[in-house]
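These notes are about the structure you will find just below.
The values are calculated or read from the model by the stated rules, or taken from the named source; none is laboratory data. Predicted, not measured: the structure shown is a model, and the values here were computed from it. Here the Cβ positions follow ideal geometry from the backbone for every residue, glycine too, while neighbour counts run over all protein chains shown.
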Amino acid sequence: RRGGYRKILDSCEQARKDGYRWLWVDTCCIDKRSSAELSEAINSMYRWYENAKVCYAYLHDVPGPSFPTASDDERYPDFSGWPEWFSRGWTLQELIAPSNVQFFNINWQSIGDKRMLALTLRNITGIPEDILTHGLHGNRLCVAQIMSWAARRKTTRVEDRAYSLMGLLEVNMPMLYGEGKKAFHRLQLEIIRASNDQSIFAWDCSADDRQPGSVLADDPSCFQSCSGM
């Protein structure tokens, strides 16, 4: 908790240096005791990031003065050799939606922005460079490809595997924490209702993970092989 509070104070100081009067931090600007406020925030979050002047990405596990350009399994053994920020489900929209994402190391030293680092970020995330630099506007991407970017990411709550993708997939739906994997099923049903994108059925999982007779995937990891669609 102390580290989280310190991060908020330091981000406020960085915003002040950059000339901004307002800063939004998800961990303290959403009253999670209110289900209505939480649902509104999650359904609106992608748009908020999209309209932000800048998004600060704090990499707490990067001590050096430069952004890591090669995977390091010794330093980051639990996150495919890359900083932990890139393993989280919620940070996917934080990377794509804002036009300006600034990365900072553990000491709040600037280590680059997403346009400058687009090639490295593509290698880390599998997201094409033109999406990183220009966003999703005007890019005709299939649902399965977007799902593939989330395939290896993790969330604390299983429902957030679905909820964190709503903005990227232009879906709005109520939050029902406690529903488990049904959240991802509901997400797919909303996509099917709103579009005729057949790639949503292109997922593939092992026989052990597959629900008998189901045309819906249980998890974004089922779309891991769809990055080239």
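A compact table of results
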quantity	calculated
Residue, modelled with the lowest pLDDT, within segment 9-44, restricted to residues that are of a type in the set (Val, Ile, Thr) and within 14 Å of Tyr56 (Cβ to Cβ)	Thr27
Those residues of segment 110-134 which are more than 14 Å from the chain's Cα centre (by Cα), closer than 18 Å to Cys55 by Cα and aliphatic (A, V, I, L, M), in sequence order	Ile111, Met116, Leu117, Ala118
Residue in segment 57-80 that is under 23 Å from Leu165 (Cα atoms) and basic (Lys, Arg) present	no
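Residue-by-condition table, conditions (1) surrounded by 11 or more Cβ atoms within 10 Å (Cβ to Cβ); (2) touching a residue at least 40 places away in the same chain (Cβ under 8 Å); (3) in the same structural domain as Met166 (by TED's automatic domain parsing):
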position: Gly3; (1), (2), (3): no, yes, no
position: Leu9; (1), (2), (3): no, no, no
position: Arg16; (1), (2), (3): yes, no, no
position: Asp26; (1), (2), (3): yes, yes, no
position: Asp31; (1), (2), (3): yes, no, no
position: Ser34; (1), (2), (3): yes, no, no
position: Glu40; (1), (2), (3): yes, no, no
